[in-house]
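A.B. asks: Below is one structure. I have some questions about it.
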Amino acid sequence: MPLKNADQFSTIIKAKIEKYAHRTSVSEEGKVISIGDGIANVTGLDNVMLNELVQFENGSYGMALNLESDFVGVVMLGKFENINENSVVKRTNRVVSVPVGDILLGRIVDPLGNAIDGKGTIQTEKFMPIEKIAPGVMTRKSVSQPLETGILSIDSMFPIGKGQRELIIGDRQTGKTTIAIDTILNQKGKDVYCVYVAIGQKNSSVAQLVRTLSAKDALAYTVVVSSTASDIPALKYIAPYTGVTIAEEWMNKGKNVLIIYDDLSKHAVAYRTLSLLLRRPPGREAYPGDVFYLHSRLLERACKLNDENGGGSITALPIIETQAGDISAYIPTNVISITDGQLFMMSSLFNAGQRPAIDAGLSVSRVGSAAQIKCIKQMSGSLKLELAQYRELDAFSQFGSDLDAETKKILEHGKRVMLMIKQPQNQPLNQIDESIMLLTIKERLIKWIPLDNFDDFKIQLVAHFQNSALRTELEKKMTFDDELTNKFVTDVKQFIKTYVLSIKDYDANKYGTPTELDLTGVKKQ
């Protein structure tokens, strides 16, 4: 009996819904009731969808963002100066979508997918909606392949894997964008597509970035999505979603993609502006209540798919700008909790000339050594500890001059380690070269090198092993066994002996004589 009643109830509900659906023809046109500050309130669009494109009389488009009971809040995506009350608004019956596919490689587009590089329009019939639910847990697999940044300090201490989300955070002008660009440059020849999303950047900054990518032949595998500081807030709001939609098309085809969001602080500010203009209730620091969801639904779309789903990946490097190093502020803590680690850029290190200015204490990679090749994992194990000891003793040594021999030894070694991991911009390193440089640190072979000669020493060291049989053997094995370690240490010692003898005014009293570089009894791994 209860089942019969349930069936009857279901039939009645279905009949009511059908009757309601066909009671009148739904209007596809509406009218503007008010407009200002890039927000239009429109009445008459009863069936409009969230994020649907609507077209105004002047040809401009808007996006339906607030679906109220008696009107729709539309954010403008184009010019709105000549739109007035009672202007006609038409539905397009499609949500905001952007072109996707290989045709976008090498192009600079706006957040709507329109070309802005003067190379003609993008001819494609494939469009994808910018909002999409992130892949589920069962379609993913754990991160296991390294995404090589070419930056020694990152690849050794904070490795990034394909499918990881690693936050780059720090004050303005501390080298955050440089890390992102160097990572893009290092993907040359590695079959990784790149997407760079500029959010609220200066036009000149984006132009300079494009020139750098073009000069290094990196534009061929990169798409730049540009929403500059002069753009209206709605374009800055949709820009990162446009970028990840372009990236998802390649991920779903089994490709590996790197995406940079530069930066999400300006993205949050743009969304706050829109929300306040739409009269949504303000919360902490006037951000709307769903500002966490704003970034979580974006960053969750970056992942590593399992083999059944093609095995593609999106690796996300979001950038957040802090105020006076405050990583406990609202937006930074939100994004830290979403990502799989962060690289904290320290102003004091940057001002002291250290590049990249990564604070090894506050930075972390939650994927860890799962995304490292074995030879780097072997050689970088003690690096963080050595730097921590150096930082602690360096701060302590400022207050006293009487230091014991062991403390002096740690300080001298720490200074050399900092110089070894220092790296000029736009010069990424190969991982094999990185592992050789790390070997010289771990085996304490850099103690004979004068501090002023480190830049030249690193160049000569890489050049020395460039076409050597030892390097070829390491490339083949990808691991340092006892025999190979022994050979490398012997070779590096011989190279250092030759190198220091070639230095004019070499202070043997300070650094030791070259004869101390005894090649017998080499320490084994």
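The values are calculated or read from the model by the stated rules, or taken from the named source; none is laboratory data. Just so we're clear, the structure is a prediction, and the values are computed from it rather than from any experiment. Using ideal geometry, Cβ is built from the backbone for each residue, glycine included, and neighbour counts are taken over all protein chains shown. Surface accessibility is based on the protein's heavy atoms, side chains included, excluding ligands, DNA and RNA. Shrake-Rupley method; radii C 1.70, N 1.55, O 1.52, S 1.80 Å.
A.B. asks: I'd like the accessible area for residue 185: 1.4 Å probe, protein heavy atoms, all chains in place, Å² to the nearest 10.
C.D. replies: Answer for residue 185: close to 20 Å² accessible.
A.B. asks: Which whole-number percent gives the relative contact order of region 146-301, counting Cα pairs below 8 Å spaced six or more residues apart?
C.D. replies: Details: 198 pairs, mean separation 34.3, N = 156.
Answer for region 146-301 is 22 percent.
A.B. asks: Now, a different point. Quick check: the distance between the Cα centres of region 32-56 and region 232-290, to the nearest angstrom?
C.D. replies: Going from one Cα centre to the other spans 20 Å.
A.B. asks: Which net charge results for the neighbourhood of residue 231, defined as the other residues with beta-carbon distances under 13 angstrom from its beta-carbon, given Lys and Arg at +1 and Asp and Glu at -1?
C.D. replies: Values: positive: 79, 202, 236, 266; negative: 110.
Net local charge, residue 231 excluded: +3.
A.B. asks: Sticking with this one: Given H placed on each backbone N at 1.01 Å, which residues far from residue 263 in sequence or on other chains put an amide H within less than 5 Å of it?
C.D. replies: 199
A.B. asks: Continuing with the same structure: Whole-Hz ³J(HN,Hα) for each residue in region 484-495, computed from phi via Karplus 6.51 cos²θ - 1.76 cosθ + 1.60 with θ = phi - 60°, x for glycine and proline: what do you get?
C.D. replies: 5, 4, 4, 5, 5, 4, 4, 5, 5, 4, 5, 4
A.B. asks: Could you pull out every residue, at least 5 positions away or on a different chain, whose amide H is within less than 5 Å of the one on residue 223? Hs are placed 1.01 Å off N in the peptide plane, and Pro or chain starts have none.
C.D. replies: For residue 223, whose amide H was placed from the backbone, the distant partners under 5 Å are 106, 194, 195, 196.
A.B. asks: Pairing the Cα long axis of helix 405-420 with the longest principal axis of the chain, what angle in degrees results, from 0 to 90 and rounded to the nearest 10?
C.D. replies: 50 degrees
A.B. asks: About the Cα centre, and with charges only on the beta carbon of Lys, Arg (+1) and Asp, Glu (-1), how big is the dipole of the chain? Nearest 20 debye, please. Please report the intermediate quantities before stating the final value.
C.D. replies: Numbers: 61 positive and 61 negative charges, 150 e Å.
Charge dipole of the chain: 720 debye, to the nearest 20.
A.B. asks: Then there's this: Which of rounded, prolate or oblate describes region 196-320 when judged by the alpha-carbon gyration tensor and an a/c cut-off of 1.5?
C.D. replies: Because a/c hits 1.5 or more and a/b fails to exceed b/c, region 196-320 counts as oblate.
A.B. asks: Given R₀ = 30 Å, FRET efficiency for residue 253-residue 70 by Cβ-Cβ distance, to 0.05?
C.D. replies: Details: r = 44 Å, r/R0 = 1.48.
Computed FRET efficiency for residue 253 and residue 70 comes out at 0.10.
A.B. asks: At 222 nm, what value in deg cm²/dmol follows for the chain if DSSP H runs of at least 4 each add -39500 (n - 2.57) and the sum is divided by all its residues, to the nearest 500?
C.D. replies: Working: 17 runs with 199 residues, N = 525.
Computed ellipticity for the chain at 222 nm equals -11500 deg cm²/dmol.
A.B. asks: Residues with amide H under 5 Å of residue 315's amide H, sequence separation 5 or more or different chain, H placed in the peptide plane at 1.01 Å from N; which?
C.D. replies: Excluding prolines and chain starts, which carry no amide H, the hits are 163, 257, 258, 259.
A.B. asks: So, one more: Restricting to bridges with both residues inside the chain, how much of the DSSP beta-bridge set is antiparallel, in percent to the nearest 5? Let's see the in-between values first.
C.D. replies: On the way: 35 of 65 bridges.
Within the chain, antiparallel bridges account for around 55 percent of the total.
A.B. asks: Can you tell me the accessible area per residue over the chain, all protein chains present, probe 1.4 angstrom, in square angstrom?
C.D. replies: Details: 24610 Å² over 525 residues.
That works out to 47 Å² for each residue.
A.B. asks: Using the Cα centre of region 312-399 as the reference point, and only Cβ charges (+1 on K/R, -1 on D/E), how large is the resulting charge dipole? Debye, rounded to the nearest 20.
C.D. replies: Details: 6 positive and 7 negative charges, 75 e Å.
Roughly 360 debye for region 312-399.
A.B. asks: Right, another one. Got a sec? Charge dipole of the chain, +1 on Cβ for Lys and Arg, -1 for Asp and Glu; which of 89, 173, 274 is way out at the positive end?
C.D. replies: Result: 89.
A.B. asks: So, one more: Quick check on region 281-432: take the gyration tensor over C-alpha atoms, sort the square-rooted eigenvalues as a ≥ b ≥ c, and tell me if it's rounded (a/c under 1.5), prolate or oblate. Display every interim value, and only then the final one.
C.D. replies: Numbers: a/c = 2.70, a/b = 1.45, b/c = 1.86.
Here region 281-432 falls in the oblate category.
A.B. asks: Please list, in order along region 159-166, the HN-Hα scalar couplings obtained from phi with the Karplus expression 6.51 cos²θ - 1.76 cosθ + 1.60 (θ = phi - 60°), rounded to whole Hz, x for Gly and Pro.
C.D. replies: x, 10, x, 5, x, 8, 10, 10
A.B. asks: Another question, if that's okay. Which residue, chosen from 241, 134, 59, occupies the Cα position most advanced towards the positive end of the dipole of the chain, where the dipole is computed from +1 (Lys, Arg) and -1 (Asp, Glu) charges on Cβ about the Cα centre?
C.D. replies: 134
A.B. asks: Using r as the Cβ-Cβ distance of residue 34 and residue 92, and R0 as 25 Å, what FRET efficiency do you calculate, to the nearest 0.05? Can you show the working numbers first?
C.D. replies: Details: r = 22 Å, r/R0 = 0.86.
Computed FRET efficiency for residue 34 and residue 92: 0.70.
A.B. asks: Given 0.36 nm per residue, what is the gain on full extension from residue 452 to residue 296 after removing their alpha carbon distance, in nm?
C.D. replies: Details: separation 156, 0.36 × 156 = 56.16 nm, distance 4.59 nm.
Once the chain is fully extended between residue 452 and residue 296, it gains 51.6 nm.
A.B. asks: Now for a different question. Rank-order 106-115, 119-128 by packing density, defined as the average count of other C-beta atoms within 10 Å over each peptide's residues, highest first.
C.D. replies: Numbers: 106-115: 19.5, 119-128: 11.2.
So the order, starting with the most tightly packed, is 106-115, 119-128.
A.B. asks: Probe radius 1.4 Å, ligands and nucleic acids ignored: give me the carbon and sulfur share of the accessible area of the chain as a rounded percent. Before the final figure, lay out each step's value.
C.D. replies: On the way: 12710 of 24610 Å².
The nonpolar share, carbon plus sulfur, comes to 52 percent.
A.B. asks: Still on this structure, please answer the following. Match the structure shown to one of the listed values (1) 54, 24, 22; (2) 40, 31, 22; (3) 46, 31, 22 of semi-axes √(5λ) of the Cα gyration tensor in Å, computed from it, and give that label.
C.D. replies: Only one listed value fits the structure, namely (1).
A.B. asks: Taking Cα pairs under 8 Å and at least six residues apart, what relative contact order does the chain come out at, in percent? Numbers along the way, then the final one.
C.D. replies: Working: 944 pairs, mean separation 73.8, N = 525.
Once normalised by length, the contact order is 14 percent.
A.B. asks: Another question, then. Rounded, prolate or oblate: which one fits region 103-181, using the alpha carbon gyration tensor with axes a ≥ b ≥ c (rounded when a/c is under 1.5, else prolate when a/b beats b/c, else oblate)?
C.D. replies: Values: a/c = 2.31, a/b = 1.36, b/c = 1.70.
It is oblate, given that a/c is not under 1.5 and a/b is not larger than b/c.
A.B. asks: Shifting gears a bit: Around residue 303, what is the net charge, scoring Lys/Arg as +1 and Asp/Glu as -1 over all other residues with Cβ under 12 Å from its Cβ?
C.D. replies: +3
A.B. asks: Using a 10 Å cut-off on Cβ atoms, rank the peptides 487-498, 452-463 from the highest mean neighbour count down.
C.D. replies: 487-498, 452-463
A.B. asks: In debye, nearest 20: dipole of region 265-416 around its Cα centre with unit charges on the Cβ of K, R (+) and D, E (-)?
C.D. replies: Rounded to the nearest 20 debye, it is 500 debye.
A.B. asks: Between beta-carbons, use under 15 Å as the cut-off and find the net charge around residue 473, counting Lys and Arg +1, Asp and Glu -1. The partial results should precede the final answer.
C.D. replies: Working: positive: 374, 471, 476, 477, 487; negative: 433, 475, 481, 482, 483, 491.
Charge balance near residue 473 sits at -1.
A.B. asks: Taking 35 Å as R0, compute the FRET efficiency from the Cβ-Cβ separation of residue 476 and residue 348 and round it to 0.05. Each step should come with its number before you reach the end.
C.D. replies: Numbers: r = 42 Å, r/R0 = 1.21.
For residue 476 and residue 348, the calculated efficiency is 0.25.
A.B. asks: Angle check, please: helix 203-215 long axis (alpha carbons) against the longest principal axis of the chain (alpha carbons), in degrees 0 to 90, nearest 10.
C.D. replies: Result, in degrees: 50.
A.B. asks: Tabulate in residue order the Karplus-calculated ³J(HN,Hα) for region 131-148, using 6.51 cos²θ - 1.76 cosθ + 1.60 with θ = phi - 60°, rounded to whole Hz; enter x for Gly and Pro.
C.D. replies: Working through the residues one at a time gives 9, 8, 6, 5, x, x, 4, 6, 8, 9, 9, 5, 6, 9, 9, x, 9, 6 Hz.
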